[in-house]
1. List the residue pairs whose Cβ atoms are under 7 Å apart, where the first residue sits in segment 368-385 and is modelled with pLDDT under 90, the second is within 14 Å of the ligand (Cβ to nearest atom), and the two are 6 or more positions apart or on different chains.
2. Select from segment 82-111 the residues that are among the aliphatic types (A, V, I, L, M), within 25 Å of residue 31 (Cβ to Cβ) and either in contact with a Pro (Cβ under 8 Å, 6 or more places away or on another chain) or surrounded by fewer than 22 Cβ atoms within 10 Å (Cβ to Cβ) (or both) and list them in ascending order.
3. State which residue is farthest from the chain's Cα centre (by Cα) when the search covers only segment 22-81 and only residues that are assigned to a helix (DSSP H, G or I) and of a type in the set (Asp, Glu).
4. Which residue, of 32, 49, 40, is in contact with a Ser or Thr (Cβ under 6 Å, 6 or more places away or on another chain), among the hydrophobic types (A, V, I, L, M, F, W, C) and not assigned by TED's automatic domain parsing to the domain that holds residue 111?
5. Looking only at segment 408-446, count every residue that is touching a strand residue (DSSP E or B) at 6+ places or on another chain (Cβ under 8 Å), of a type in the set (A, V, I, L, M) and either closer than 22 Å to residue 63 by Cα or within 15 Å of the ligand (Cβ to nearest atom) (or both) and tell me the total.
6. Do we have any residue at all in segment 327-334 that's under 22 Å from residue 416 (Cβ atoms), of a type in the set (Phe, Trp, Tyr), part of a strand (DSSP E or B) and outside the structural domain of residue 17 (by TED's automatic domain parsing)?
7. Could you check segment 148-202 and list, in sequence order, the residues that are over 25 Å from residue 79 (Cα atoms) and β-branched (Val, Ile, Thr)?
8. Of the residues that make up segment 425-439, is at least one of a type outside the set (Ser, Thr, Tyr), in contact with a Lys or Arg (Cβ under 7 Å, 6 or more places away or on another chain) and not assigned by TED's automatic domain parsing to the domain that holds residue 224?
Amino acid sequence: MTDPFRTETGHKSWGRVVEGEHQVARPRRTGAVRDLLHQAGDRGLTALAYGLGRSYGDSNLNPGGALIETRGLDRFIALDVEARVLRAEAGVSFDDILRAIVPHGLFLPTVPGTRYVTLGGAIANDVHGKNHHSAGSFGRHVRSIRLERSDRGIQDVTRETDPELFAATIGGLGLTGIILEAEIDLVPIASAFIDQRTEALTGVDHFFDIAETRAQEHEHTVAWIDCTASGDRLGQGVLSCGDWADEGALTPHPAKAGPALPVDLPGFALNPLTLKTFNLAYRKRQLMKPARARIHYSGFFHPLDSVRDWNRLYGARGFYQYQSVIGFETAREATRAMLTRIAASGLGSFLAVLKTFGEYAPEGVLSFPKQGATLALDFANTGEHTLSLMADLDRIVAEAGGRLYPAKDGRMSAGMFKAGYPDWTRVEAMRDPLLSSQFWRRVTDD
Ligand SMILES: Cc1cc2nc3c(=O)[nH]c(=O)nc-3n(C[C@H](O)[C@H](O)[C@H](O)COP(=O)(O)OP(=O)(O)OC[C@H]3O[C@@H](n4cnc5c(N)ncnc54)[C@H](O)[C@@H]3O)c2cc1C
């Protein structure tokens, strides 16, 4: 019998900072996963599922252990258009799902900033979209999950049948079992177009003054912030809101991905001047667009998907993403403090995103979204300079009672994680003993 595991060194996460050697298996049928778990166990390895690798840090990597790539588990099992329910295998991507369901006048209840994520990955990170204030996070729309566990075999889990395992699995970072299949609710749409409203933001106060009103007025909201601006312009940017259009064709996005960035951008190409120039030009371009426009959902939700491998923009050393969420009581001042520190560092991001989360209670024990404001930025990996900037941001977030998003993280301390997720031991109690990740070992090993 051929060995289903191969030794590979090519797995990186989206930020490309963390990598390592894994024993990699690529099952084509869900029925093969049980044997893979047993084989990993027999070799004394821990294992982890790997979807499309769109997490930025180390929560989807398990160096020294096994990775079970789920992309081959890509079957649609049942689509009930009337009831608006989809059952599919965990390796099916949002890209595949949207192309299948949009012509039926259906959409996913929420989508992250890329459609290149798997169903299993979206559940394991309880992803959120621009409509958190109106729909909550993805986990809220999951009806049931079929897990394969090394210790208990197949488990069909719902909120009703096993609330603790369900809550540990939503946002559970892939640690409670390999998700084989899931059943989710879909939402109706009348067209594939979004009526978009774009407006200039003069600064941090302007954002916080209007964010709640805009969230009441629109289903989707998100702001892009020029994180190189300082002084009176600190937090200047563009707020974009949107609602599904009543009319228009039900045309899904094109099957073909956009052109790829062919090479890593050289390190010297990224410096305070190029970042400032990019941010100014981007703001100008956004504000030249009409204040109201009807655009296809792919341009509204997934503009970054039009350039494949854009993560190479940050050069061969990769980059970190830093995403925090802070409750409204302290968010305004903490956002101001973070943006001031970032502007002073010269280490800004091409795209800094600021948005509000609504009042939905977190679905999972480790779900990231909670009511407040979330700021997400990329920082090129320049070594100590970048790490010390993020350590300063950690202090601001911790003092404000906020937390960081594990899916985006590749370096937060155990203390920072445990302060942000005091109930983490509930996931540890539900963890499949064979499953682990570099992230989990880093933030829980004392
Ligand atoms: C451009 C871009 C924009 C993004 N925007 C957003 C956003 O707006 N909101 C947001 O929430 N996130 C966002 N993300 C992050 C992304 O949505 C999440 O990291 C998502 O979970 C990645 O899915 P994946 O299939 O690539 O999973 P991976 O990154 O491969 O894995 C993620 C986690 O899921 C687990 N997992 C994967 N498959 C299974 C399975 N079958 N069973 C059990 N566990 C499994 C892995 O073990 C790992 O812990 C963005 C990422 C990118 C690159």
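The values are calculated or read from the model by the stated rules, or taken from the named source; none is laboratory data. Since this is a predicted model, take the numbers as computed values, not measurements. No Cβ is skipped: glycine too gets one built from the backbone with ideal geometry, and neighbour counts run over all protein chains shown.
1. Correct list of pairs: 380/314; 380/319.
2. Initially, segment 82-111 is screened for residues among the aliphatic types (A, V, I, L, M), giving 83, 85-86, 88, 90, 92, 97-98, 100-102, 106, 108, 111.
The next check asks that each one be within 25 Å of residue 31 (Cβ to Cβ); those that pass are 85-86, 88, 90, 92, 97, 100.
85, 100 - these are the residues of segment 82-111 that are among the aliphatic types (A, V, I, L, M), within 25 Å of residue 31 (Cβ to Cβ) and either in contact with a Pro (Cβ under 8 Å, 6 or more places away or on another chain) or surrounded by fewer than 22 Cβ atoms within 10 Å (Cβ to Cβ) (or both).
3. Of segment 22-81, the ones assigned to a helix (DSSP H, G or I) are 30-42.
Subsequent filtering for residues that are of a type in the set (Asp, Glu) retains 35, 42.
On the way: 35: 30, 42: 33 Å.
Only one residue fits best here, namely 42.
4. Working: 32 fails: in contact with a Ser or Thr (Cβ under 6 Å, 6 or more places away or on another chain); 40 fails: in contact with a Ser or Thr (Cβ under 6 Å, 6 or more places away or on another chain).
From the options 32, 49, 40, the qualifying one is 49.
5. Going through segment 408-446 one residue at a time, the tally reaches 3.
6. Start the filter on segment 327-334 by keeping residues that are under 22 Å from residue 416 (Cβ atoms), which leaves 327-334.
Now drop any that are not of a type in the set (Phe, Trp, Tyr), which leaves 328.
Still in the running and part of a strand (DSSP E or B): none.
The answer is no, given that none of the residues of segment 327-334 is under 22 Å from residue 416 (Cβ atoms), of a type in the set (Phe, Trp, Tyr), part of a strand (DSSP E or B) and outside the structural domain of residue 17 (by TED's automatic domain parsing).
7. 176, 198, 202
8. Of the residues in segment 425-439, the ones of a type outside the set (Ser, Thr, Tyr) are 426-435, 438-439.
Filter once more, so that each one left must be in contact with a Lys or Arg (Cβ under 7 Å, 6 or more places away or on another chain): 432.
Next, only the ones that are not assigned by TED's automatic domain parsing to the domain that holds residue 224 stay: 432.
Checked segment 425-439: at least one residue is of a type outside the set (Ser, Thr, Tyr), in contact with a Lys or Arg (Cβ under 7 Å, 6 or more places away or on another chain) and not assigned by TED's automatic domain parsing to the domain that holds residue 224.
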